[in-house]
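Written out below as C-alpha cells is the structure these notes cover.
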Amino acid sequence: MSDMFARLKRFLREVHLEFDKVSWPSRGETIALTTLVIMMVIALTVVVLVYDFSFVKIITYVTGHVKL
C-alpha cells in the first residue's frame with residue numbers, strides 16, 4: 001500500500017515539474033483568443049441558421065407544389 005502512495009507522490013511531483021515548463025499565455029492573449037472563439041461560434045451559428053432556414057423554405061416550396 002505504501003508503494004502505491006510513493007508512486008502517487010512521485011507522479012504528482014513530476015506533474016508539478018512539467019507544469020513549471022509550460023509557457024502560459026498572457027492575460028491579453030487569453031482574452032483575445034477567447035473573443036475570437038466566441039465570434040467564430042456566433043458566425044458559424046448564423047451560417048448554419050441561414051442554411052437551415054433556406055433548406056426548410058426550399059423543401060416546403062417543393063413539397064407544397066408537387067402533386068402526387
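What follows is calculated from the coordinates using simple rules that are stated; it is not laboratory data. The structure presented is a predicted model; accordingly, all values stated were derived computationally and were not measured. Positions of Cβ are generated from backbone atoms using ideal geometry, with glycine treated the same way; all protein chains shown enter the neighbour counts.
Rounded to the nearest 20 debye, the dipole magnitude of the chain is 140 debye, with +1 charges on Lys and Arg beta carbons, -1 on Asp and Glu beta carbons, and the Cα centre as origin.
Projecting the Cα atoms of 53, 37, 2 onto the charge dipole of segment 2-65, computed from C-beta unit charges around the Cα centre, puts 2 farthest toward the positive end. When you work out D = kT/(6 pi eta Rh) for the chain at 10 °C and 1.306 mPa s, using the Kirkwood radius from C-alpha pairs as Rh and the Stokes-Einstein form, the result is 90 µm²/s.
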